[in-house]
Amino acid sequence: MLLAIARMAIARGTRTDEELELASLPTALHCERAVFVTLVTNGGLRGCIGSLLPSAPLAIAVAEAARAAAHSDPRFPPLAIEELPATCIEISVLSALERIAVESRHALLDALRPGVDGLLLEEGHHRSTFLPKVWDQLPHAEDFLSQLLAKAGLPADHWSPSIQVHRYTASNFAETGDPSIT
(Lines give C-alpha, C1' and ligand atoms only; values in the text may rest on other atoms or scores of the structure.)
Protein backbone atom coordinates (compact mmCIF):
# COMPACT_ATOMS: atom_id res chain seq x y z
CA MET A 1 0.00 0.00 0.00
CA LEU A 2 2.86 2.42 0.79
CA LEU A 3 4.43 1.77 -2.61
CA ALA A 4 1.11 2.52 -4.33
CA ILE A 5 0.78 5.75 -2.31
CA ALA A 6 4.31 6.77 -3.30
CA ARG A 7 3.72 6.06 -7.00
CA MET A 8 0.44 8.00 -6.93
CA ALA A 9 2.11 10.99 -5.26
CA ILE A 10 4.88 11.05 -7.86
CA ALA A 11 2.43 10.74 -10.77
CA ARG A 12 0.19 13.51 -9.46
CA GLY A 13 3.03 15.74 -8.29
CA THR A 14 0.64 17.55 -5.97
CA ARG A 15 0.14 17.80 -2.22
CA THR A 16 -1.08 14.30 -1.44
CA ASP A 17 -1.99 14.99 2.20
CA GLU A 18 -5.05 16.82 0.86
CA GLU A 19 -5.98 13.84 -1.34
CA LEU A 20 -5.34 10.93 1.04
CA GLU A 21 -8.29 9.83 3.12
CA LEU A 22 -6.44 8.68 6.24
CA ALA A 23 -9.65 7.31 7.74
CA SER A 24 -9.90 4.82 4.86
CA LEU A 25 -6.34 3.53 5.38
CA PRO A 26 -5.21 0.89 7.90
CA THR A 27 -4.45 2.41 11.30
CA ALA A 28 -0.80 1.35 11.00
CA LEU A 29 -0.42 4.05 8.32
CA HIS A 30 -1.71 6.73 10.71
CA CYS A 31 1.25 6.64 13.13
CA GLU A 32 3.97 9.24 12.70
CA ARG A 33 7.19 7.73 11.37
CA ALA A 34 10.34 9.04 9.75
CA VAL A 35 10.78 7.83 6.17
CA PHE A 36 13.04 8.04 3.15
CA VAL A 37 11.95 7.34 -0.41
CA THR A 38 14.58 6.35 -2.95
CA LEU A 39 13.99 6.29 -6.70
CA VAL A 40 16.07 4.03 -8.94
CA THR A 41 16.03 4.21 -12.75
CA ASN A 42 18.08 1.83 -14.90
CA GLY A 43 19.92 0.60 -11.82
CA GLY A 44 21.06 4.08 -10.78
CA LEU A 45 19.95 6.52 -8.11
CA ARG A 46 17.38 8.99 -9.47
CA GLY A 47 16.35 10.69 -6.23
CA CYS A 48 16.27 10.19 -2.48
CA ILE A 49 14.52 12.40 0.04
CA GLY A 50 13.29 11.84 3.56
CA SER A 51 13.44 12.84 7.16
CA LEU A 52 15.14 11.39 10.21
CA LEU A 53 12.39 12.60 12.51
CA PRO A 54 8.68 11.80 12.25
CA SER A 55 6.50 14.76 11.32
CA ALA A 56 3.36 13.34 9.70
CA PRO A 57 1.30 10.17 9.56
CA LEU A 58 3.20 7.42 7.74
CA ALA A 59 1.02 7.47 4.60
CA ILE A 60 1.42 11.24 4.25
CA ALA A 61 5.15 11.16 5.06
CA VAL A 62 5.67 8.56 2.30
CA ALA A 63 3.66 10.59 -0.20
CA GLU A 64 5.55 13.79 0.59
CA ALA A 65 8.98 12.12 0.48
CA ALA A 66 8.14 10.37 -2.82
CA ARG A 67 7.00 13.59 -4.42
CA ALA A 68 10.11 15.40 -3.15
CA ALA A 69 12.45 12.61 -4.32
CA ALA A 70 10.95 12.84 -7.79
CA HIS A 71 10.68 16.59 -8.11
CA SER A 72 12.93 18.31 -5.54
CA ASP A 73 16.17 16.33 -5.06
CA PRO A 74 18.76 19.02 -5.88
CA ARG A 75 21.14 16.42 -7.36
CA PHE A 76 18.77 15.60 -10.22
CA PRO A 77 16.38 17.33 -12.59
CA PRO A 78 12.70 16.70 -11.83
CA LEU A 79 11.54 13.24 -12.85
CA ALA A 80 9.65 13.45 -16.14
CA ILE A 81 6.34 11.60 -16.25
CA GLU A 82 7.79 9.49 -19.10
CA GLU A 83 10.48 8.20 -16.70
CA LEU A 84 8.02 7.01 -14.08
CA PRO A 85 7.17 3.61 -15.64
CA ALA A 86 10.88 2.65 -15.60
CA THR A 87 11.48 3.97 -12.07
CA CYS A 88 11.51 1.64 -9.08
CA ILE A 89 10.47 2.99 -5.70
CA GLU A 90 12.14 1.99 -2.44
CA ILE A 91 10.74 3.06 0.94
CA SER A 92 12.66 3.00 4.22
CA VAL A 93 10.59 3.41 7.39
CA LEU A 94 12.98 4.41 10.16
CA SER A 95 13.13 3.56 13.83
CA ALA A 96 13.68 6.28 16.39
CA LEU A 97 17.19 7.70 16.62
CA GLU A 98 19.38 6.17 19.33
CA ARG A 99 22.43 8.09 20.52
CA ILE A 100 25.71 6.20 20.46
CA ALA A 101 27.92 7.57 23.24
CA VAL A 102 31.50 6.77 22.32
CA GLU A 103 34.79 8.42 23.17
CA SER A 104 36.84 7.46 20.15
CA ARG A 105 36.63 6.58 16.48
CA HIS A 106 37.73 3.04 17.34
CA ALA A 107 34.90 2.68 19.90
CA LEU A 108 32.39 3.89 17.31
CA LEU A 109 33.65 1.39 14.75
CA ASP A 110 33.29 -1.37 17.34
CA ALA A 111 29.73 -0.24 18.19
CA LEU A 112 28.50 -0.26 14.58
CA ARG A 113 26.34 -3.13 13.35
CA PRO A 114 27.16 -3.54 9.64
CA GLY A 115 24.09 -4.15 7.53
CA VAL A 116 21.79 -3.08 10.37
CA ASP A 117 22.58 0.47 11.45
CA GLY A 118 21.80 3.65 9.64
CA LEU A 119 23.98 6.42 11.01
CA LEU A 120 23.48 10.13 11.59
CA LEU A 121 26.66 12.08 12.25
CA GLU A 122 26.69 15.71 13.41
CA GLU A 123 29.45 18.12 14.36
CA GLY A 124 28.83 21.84 14.32
CA HIS A 125 27.21 22.69 11.00
CA HIS A 126 28.40 19.40 9.47
CA ARG A 127 25.71 16.72 9.21
CA SER A 128 25.21 13.57 7.15
CA THR A 129 23.43 10.26 7.23
CA PHE A 130 23.62 6.89 5.53
CA LEU A 131 20.62 4.59 5.46
CA PRO A 132 21.31 0.98 6.50
CA LYS A 133 21.16 -0.12 2.85
CA VAL A 134 24.39 1.82 2.17
CA TRP A 135 26.20 -1.11 3.82
CA ASP A 136 25.52 -2.96 0.53
CA GLN A 137 28.01 -0.61 -1.19
CA LEU A 138 30.28 -0.02 1.83
CA PRO A 139 30.33 -3.30 3.80
CA HIS A 140 33.34 -2.44 5.99
CA ALA A 141 32.73 -0.22 9.03
CA GLU A 142 35.87 1.85 8.39
CA ASP A 143 34.79 2.63 4.80
CA PHE A 144 31.21 3.33 5.90
CA LEU A 145 32.36 5.84 8.54
CA SER A 146 35.01 7.45 6.31
CA GLN A 147 32.51 8.03 3.50
CA LEU A 148 29.91 9.36 5.94
CA LEU A 149 32.44 11.85 7.33
CA ALA A 150 33.37 12.91 3.80
CA LYS A 151 29.69 13.34 2.94
CA ALA A 152 29.41 15.68 5.95
CA GLY A 153 32.30 17.75 4.58
CA LEU A 154 34.79 16.50 7.16
CA PRO A 155 38.10 14.70 6.54
CA ALA A 156 37.56 10.95 6.11
CA ASP A 157 39.81 10.22 9.11
CA HIS A 158 38.27 12.92 11.32
CA TRP A 159 37.41 12.40 14.97
CA SER A 160 36.49 14.90 17.66
CA PRO A 161 35.02 14.61 21.16
CA SER A 162 32.18 16.91 20.04
CA ILE A 163 30.90 14.55 17.34
CA GLN A 164 27.32 13.42 17.94
CA VAL A 165 26.39 10.02 16.50
CA HIS A 166 22.96 8.40 16.36
CA ARG A 167 21.95 5.05 14.94
CA TYR A 168 18.62 3.88 13.55
CA THR A 169 17.26 0.87 11.73
CA ALA A 170 14.93 0.71 8.75
CA SER A 171 12.15 -1.48 7.46
CA ASN A 172 12.44 -1.47 3.68
CA PHE A 173 9.84 -1.95 0.98
CA ALA A 174 10.76 -1.95 -2.70
CA GLU A 175 9.13 -2.62 -5.99
CA THR A 176 10.45 -5.66 -7.81
CA GLY A 177 10.31 -6.52 -11.46
CA ASP A 178 8.52 -4.14 -13.81
CA PRO A 179 7.45 -1.13 -11.72
CA SER A 180 4.72 -0.20 -14.21
CA ILE A 181 2.68 -3.25 -13.14
CA THR A 182 2.81 -2.72 -9.36
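Each part reduced to its alpha carbon centroid, region 92-161 and region 1-64 end up 25 Å apart. Taking the longest Cα principal axis of the chain as reference, the axis of helix 2-12 is set at about 70 degrees.
Between residue 1 and residue 122, the distance separating the two model label sites (each 7 Å from Cα on the Cα→Cβ line) works out to 3.2 nm.
Roughly how compact is region 99-143, stated as its Cα Rg over 2.2 N^0.38 Å to two decimals? Display every interim value, and only then the final one.
Values: Rg = 10.7 Å, N = 45, 2.2 N^0.38 = 9.3 Å.
The value comes to 1.14.
Here the sum of -39500 (n - 2.57) over DSSP H runs of 4 or more residues, divided by the residues of the chain, equals -7000 deg cm²/dmol at 222 nm, to the nearest 500. Solvent-accessible area of the chain (1.4 angstrom probe, protein heavy atoms only): carbon and sulfur portion equals 56 percent.
Expressed in Å, the radius of gyration and Dmax of the Cα atoms of region 33-79 are 10.6, 31.
Treating only the Cβ atoms of Lys and Arg (+1) and Asp and Glu (-1) as charged, compute the dipole magnitude of region 68-156 about its Cα centre; round to the nearest 20 debye.
On the way: 7 positive and 13 negative charges, 28 e Å.
Value, rounded to 20: 140 debye.
How do 133, 151 stack up against each other in accessible area, from largest to smallest, with a 1.4 angstrom probe? Walk me through the numbers before you get to the answer.
Working: 133 50, 151 115 Å².
Descending accessible area places them as 151, 133.
Solvent exposure of region 25-182, expressed per residue, is 49 Å² of accessible area, with all protein chains present and a 1.4 angstrom probe. A simple spin-label model places pseudo-atoms 7 Å from Cα toward Cβ; at residue 8 and residue 28 they are separated by 1.8 nm.
Computed from Cα positions, the angle between helix 141-151 and the longest principal axis of the chain comes to roughly 70 degrees. Note on region 1-92: the C-alpha convex hull projects to 5.5 nm² when averaged across all orientations.
Considering all projection directions equally, how large on average is the shadow of the alpha-carbon convex hull of the chain, in square nanometres?
10.7
The values are calculated or read from the model by the stated rules, or taken from the named source; none is laboratory data. For clarity, every value in this text was computed on a predicted model and none was experimentally measured. As a convention, Cβ positions derive from the backbone with ideal geometry for all residues, glycine included, and neighbour counts pool all protein chains shown. The accessibility values were calculated without ligands, DNA or RNA, using every heavy atom of the protein model including side chains. Shrake-Rupley method; radii C 1.70, N 1.55, O 1.52, S 1.80 Å.
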